[in-house]
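Reviewing the structure listed below.
The values are calculated or read from the model by the stated rules, or taken from the named source; none is laboratory data. Note that the structure is a prediction, hence the values are computed from the model and not measured. Backbone-built Cβ (ideal geometry, glycine too); neighbour counts: all protein chains shown. The area values use the complete protein model at the heavy-atom level, side chains included, leaving out ligands, DNA and RNA. Shrake-Rupley method; radii C 1.70, N 1.55, O 1.52, S 1.80 Å.
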Amino acid sequence: MSKELNLILSPEQASSNEAIQRAIAKQLNCSYTDIGHFIIRRKSIDARRGKVQVNMGIRVFEQGEDFFDDAPVFQYRDVRNSEPVIIVGAGPAGLFAALQLMELGYKPVIVERGKEVSQRKRDIAMLNREHKLNSDSNYAFGEGGAGTFSDGKLYTRAKKRGDFKRVLYALYNHGASPEILYEAHPHIGTNKLPRIIVRIRENILQHGGEIIFNARVTDILVDSGKFSGVKLSDGAVLNARACILATGHSARDIYHILLKQNIKIEAKPFAMGVRVEHPQPLIDSIQYHGIPRSSYLPAASYSLVQQVENRGVYSFCMCPGGFIVPAATEPGEVVVNGMSPSLRNSKWANSGIVVEIRMDDLVQYSQFGELAGLEFQHELERLARENGSYGVQAPAQRLVDFVDGRFSSSLPACSYIPGLNSSEMNLWLPSHIGKRLQEGFRAFGEKMKGFLTNEAVILGVESRTSSPIRVPRNPETLQHVEIQGLFPAGEGAGYAGGIVSSALDGAKCAEGVAAFLKS
Ligand SMILES: Cc1cc2nc3c(=O)[nH]c(=O)nc-3n(C[C@H](O)[C@H](O)[C@H](O)COP(=O)(O)OP(=O)(O)OC[C@H]3O[C@@H](n4cnc5c(N)ncnc54)[C@H](O)[C@@H]3O)c2cc1C
């Protein structure tokens, strides 16, 4: 009979199958050779109490016993002659909606404004090297969506939204490494994500789905309260009875199209701030209690949160061993975000540090109605460009200088390739963000001794953490509250934040589409 057990091992033991098997034998009081096979079910690092240990959940099978696992089964059907469903956007929400539709027997037709991942890579290289931004192909737009050139962190607070293990298994089946199935904080890494996205595309095409690249949706067509089709930038029109709208939170034009068509959207709270970067060895030393990080331990991460004057200030999308990247989608703005390779082996640790923004912070923007948050976001991104001296250089300040309100006469080395321009950030950040960030950083310095240091630098602005807009849908049918056949999905619709929750939401909307088309 297979058995479940928990082991607490040193990082070195946890990295060796032989050492794990010996620890299993010891705990079961049996011989090393009695053990047939084992599967790691959970793995997490515990660096509390001044000691670094690895907690592992293991399933053990005896010698000769049938080995099984409880992996979900995926059955993609051939859908080339099935009813088409339009999916706008090939991000996690759009791609997972497509996979789910194929299981349900419908043909996904994905329209994506950006390019295939290999061509998108060239545009991103051009952006970093020559500061030329392609507004349809960048860190946010193109095959795989905003998640392709990211850290690929796969954890979610949205476990109630669906079977997140299914998303992990689907990624594993498309080439992600098995560790993502059991690590407490799984991540893929920007070097491995593109290959996985390509395999998802190949799977969709092999089963008869369609993907149209360089196809920006410029209009959503509605007839008597029913979705009827989309118009593309080249003038072509695609018709279908159902559409999953999964355009992400950077596609501002989509919100304008929805408003123009009188399709209801709503303002919602979001968050904005800066990205902070420390030397990774400093974060390792804080988190691993001054013990030098051995090769058996990952680059250390952190998660920080503090209430300041009735608003949350918190770390967001922390990237150990990573890089800060230019994530703008329009030429007149500077937006920063973070990513890391699978080995998380750069010299730096970066994280967004953001402040919650609620509607009462945006009174000055009330003339923009539902678009108030979007306009505010855009204004700060424009100011970041102005203070980054009108390029893709980011405005930056040493962390202690920012907290103490001093101009930084020099800036430390930083992973952000386009470069930095020293800027006194509080002169242009609104005080409801700037003052709270200062307080938040002080509190973080208390929680993590050494965090508040002038070796760290902050860059502006971290503005695309979540959507300032919700496209409201019926909670039962998942259709837009007023438009039949239109299924707003993922981060841009305001129902998800992050790769896994967006993927889950896309798959859930595919179920909604199937129920609608059958009714
Ligand atoms: C640099 C970076 C790092 C990140 N790191 C992580 C991370 O480590 N972990 C994590 O969970 N999340 C991370 N995120 C966030 C994550 O990528 C998003 O939450 C997720 O991709 C949202 O999925 P989505 O499918 O809803 O939208 P998106 O991924 O934004 O995809 C939307 C797609 O729609 C397309 N589109 C937009 N408008 C149109 C139109 N008019 N016509 C046709 N197509 C259109 C876009 O080109 C895009 O491909 C990161 C984001 C960035 C930018």
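Would you mention how many residues in the stretch 310-326 are under 22 Å from residue 440 (Cβ atoms), under 17 Å from the mean Cα position of the chain (by Cα) and open to solvent by 10 Å² or more (accessible area, probe 1.4 Å)? So that I can check it myself, show each step before the final result.
Within the stretch 310-326, the first condition is being under 22 Å from residue 440 (Cβ atoms), and the residues that meet it are 310-320, 322, 324.
Then drop every residue that is not under 17 Å from the mean Cα position of the chain (by Cα), which leaves 314-320, 322, 324.
Within this subset, residues satisfying the condition of being open to solvent by 10 Å² or more (accessible area, probe 1.4 Å) are 314-318.
So the count comes out to 5.
Take the residues in the stretch 262-286 that are assigned to a strand (DSSP E or B) and in contact with a Lys or Arg (Cβ under 7 Å, 6 or more places away or on another chain), then tell me which one is surrounded by the fewest Cβ atoms within 10 Å (Cβ to Cβ). Walk me through it before giving the result.
At the first step, the residues of the stretch 262-286 found to be assigned to a strand (DSSP E or B) are 266-267, 270-279.
With the extra rule that they be in contact with a Lys or Arg (Cβ under 7 Å, 6 or more places away or on another chain), the set shrinks to 266, 279.
Values: 266: 11, 279: 16.
Once the filter is applied, the top-ranked residue is 266.
Here is a list: 512, 506, 497. Which entry is within 16 Å of the ligand (Cβ to nearest atom) and not in a helix (DSSP H, G or I)? Step through it out loud before you land on a result.
Values: 512 fails: not in a helix (DSSP H, G or I); 506 fails: not in a helix (DSSP H, G or I).
The match here is 497.
Do any residues in the stretch 205-219 that are assigned by TED's automatic domain parsing to the domain that holds residue 112 have Cβ atoms under 6 Å from those of residues that are within 9 Å of the ligand (Cβ to nearest atom) and hydroxyl-bearing (Ser, Thr, Tyr), where the two are at least six apart or on different chains, and which pairs are they?
Sorted first by the residue in the stretch 205-219, then by its partner, the pairs are 216/233; 218/233.
Evaluate the following for residue 223: is it touching a Lys or Arg at 6+ places or on another chain (Cβ under 6 Å), more than 15 Å from the ligand (Cβ to nearest atom) and modelled with pLDDT of 95 or more? Steps first, answer last, please.
Working: touching a Lys or Arg at 6+ places or on another chain (Cβ under 6 Å): no; more than 15 Å from the ligand (Cβ to nearest atom): yes; modelled with pLDDT of 95 or more: yes.
No; evaluated as a whole, the condition is false for this residue.
Restricting to the stretch 329-340, what's the tally of residues that are open to solvent by 10 Å² or more (accessible area, probe 1.4 Å), within 12 Å of the ligand (Cβ to nearest atom) and assigned to a loop (DSSP other than H, G, I, E, B)? Break it down stepwise before answering.
To start, the set of residues in the stretch 329-340 that are open to solvent by 10 Å² or more (accessible area, probe 1.4 Å) comprises 330-332, 337, 339.
Cutting the leftovers down to within 12 Å of the ligand (Cβ to nearest atom) gives us 337, 339.
Now restrict to residues that are assigned to a loop (DSSP other than H, G, I, E, B): none.
The number of residues fulfilling the criteria is 0.
Failed condition for residue 295, given (1) farther than 24 Å from residue 93 by Cβ; (2) of a type in the set (S, T, N, Q); (3) in the same structural domain as residue 106 (by TED's automatic domain parsing), with all others met?
For residue 295, the failing item is (3).
Just for the stretch 194-207: of the residues that are more than 14 Å from the ligand (Cβ to nearest atom) and open to solvent by less than 40 Å² (accessible area, probe 1.4 Å), which one is nearest to residue 121 (Cα to Cα)?
Residues of the stretch 194-207 that are more than 14 Å from the ligand (Cβ to nearest atom), as a first pass: 195, 198-199, 202-207.
Next, only the ones that are open to solvent by less than 40 Å² (accessible area, probe 1.4 Å) stay: 198, 203-204.
On the way: 198: 13, 203: 21, 204: 21 Å.
Of everything passing the filter in the stretch 194-207, 198 is nearest to residue 121 (Cα to Cα).
Looking at (1) within 16 Å of the ligand (Cβ to nearest atom); (2) among the hydrophobic types (A, V, I, L, M, F, W, C); (3) touching a strand residue (DSSP E or B) at 6+ places or on another chain (Cβ under 9 Å); (4) not in a helix (DSSP H, G or I), find the lone condition where residue 451 falls short.
(1)
Taking the condition within 14 Å of the ligand (Cβ to nearest atom), at pLDDT 90 or above and either assigned to a loop (DSSP other than H, G, I, E, B) or more than 26 Å from residue 463 (Cβ to Cβ) (or both), does residue 172 pass? First the steps, then the outcome.
Values: within 14 Å of the ligand (Cβ to nearest atom): no; at pLDDT 90 or above: yes; either assigned to a loop (DSSP other than H, G, I, E, B) or more than 26 Å from residue 463 (Cβ to Cβ) (or both): yes.
Considered against the rule, which asks whether it is within 14 Å of the ligand (Cβ to nearest atom), at pLDDT 90 or above and either assigned to a loop (DSSP other than H, G, I, E, B) or more than 26 Å from residue 463 (Cβ to Cβ) (or both), residue 172 comes out as no.
Residue check, residue 154 against (1) hydrophobic (A, V, I, L, M, F, W, C); (2) within 13 Å of the ligand (Cβ to nearest atom); (3) touching a Ser or Thr at 6+ places or on another chain (Cβ under 9 Å), all met but one. Which one?
(3)
Run down 303, 295 and say which single residue is free of Cβ contacts under 8 Å to residues at least 60 places away in the same chain, open to solvent by 60 Å² or more (accessible area, probe 1.4 Å), away from the ligand (no atom under 16 Å from the Cβ) and not in a strand (DSSP E or B). Explain how you work it out, then say what you get.
Values: 303 fails: away from the ligand (no atom under 16 Å from the Cβ).
Answer to the selection: 295.
For the structure I just gave you, tell me whether residue 210 is acidic (Asp, Glu) and surrounded by fewer than 17 Cβ atoms within 10 Å (Cβ to Cβ). Full working, then the answer.
Values: acidic (Asp, Glu): yes; surrounded by fewer than 17 Cβ atoms within 10 Å (Cβ to Cβ): no.
No: the conditions fail for residue 210.
So that you can scan it fast, the table gives a plain yes or no per residue for (1) touching a helix residue (DSSP H, G or I) at 6+ places or on another chain (Cβ under 8 Å); (2) of a type outside the set (Asp, Glu); (3) within 10 Å of the ligand (Cβ to nearest atom); (4) open to solvent by 10 Å² or more (accessible area, probe 1.4 Å):
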| site | (1), (2), (3), (4) |
| --- | --- |
| 94 | yes, yes, yes, no |
| 104 | yes, yes, no, yes |
| 107 | yes, yes, no, yes |
| 111 | no, yes, yes, no |
| 114 | yes, yes, yes, no |
| 121 | yes, yes, no, yes |
| 129 | no, yes, no, yes |
| 134 | yes, yes, no, yes |
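Given the criteria part of a strand (DSSP E or B) and under 30 Å from residue 507 (Cα atoms), does residue 42 qualify?
Details: part of a strand (DSSP E or B): yes; under 30 Å from residue 507 (Cα atoms): yes.
So residue 42 passes the test.
Got a number for residues in the stretch 425-434 being within 27 Å of the chain's Cα centre (by Cα) and part of a helix (DSSP H, G or I)? Reasoning before the result, please.
Step one: list which residues in the stretch 425-434 are within 27 Å of the chain's Cα centre (by Cα), which gives 425, 429-430, 432-434.
Then drop every residue that is not part of a helix (DSSP H, G or I), which leaves 425, 432-434.
Selection size over the stretch 425-434: 4.
Only one of these conditions is not met by residue 344: (1) assigned to a loop (DSSP other than H, G, I, E, B); (2) within 14 Å of the ligand (Cβ to nearest atom); (3) within 23 Å of residue 129 (Cβ to Cβ). Which number is it?
(3)
Return the residues of the stretch 10-56 that are surrounded by 15 or more Cβ atoms within 10 Å (Cβ to Cβ) and aromatic (Phe, Trp, Tyr); say none if nothing qualifies.
Matches in the stretch 10-56: 38 only.
Out of 223, 219, I need the residue that is open to solvent by 60 Å² or more (accessible area, probe 1.4 Å) and more than 17 Å from the chain's Cα centre (by Cα). Which one?
Working: 219 fails: open to solvent by 60 Å² or more (accessible area, probe 1.4 Å).
Going through 223, 219 in turn, just one is open to solvent by 60 Å² or more (accessible area, probe 1.4 Å) and more than 17 Å from the chain's Cα centre (by Cα): 223.
Give the residues of the stretch 136-148 that are within 6 Å of the ligand (Cβ to nearest atom) and in a loop (DSSP other than H, G, I, E, B), sorted by residue number.
Kept after step one, since they are within 6 Å of the ligand (Cβ to nearest atom), are these residues of the stretch 136-148: 139-142, 145-147.
Selection gives 139, 140, 141, 142.
Would you be able to say whether some residue in the stretch 356-371 is modelled with pLDDT of 95 or more and within 15 Å of the ligand (Cβ to nearest atom)?
no
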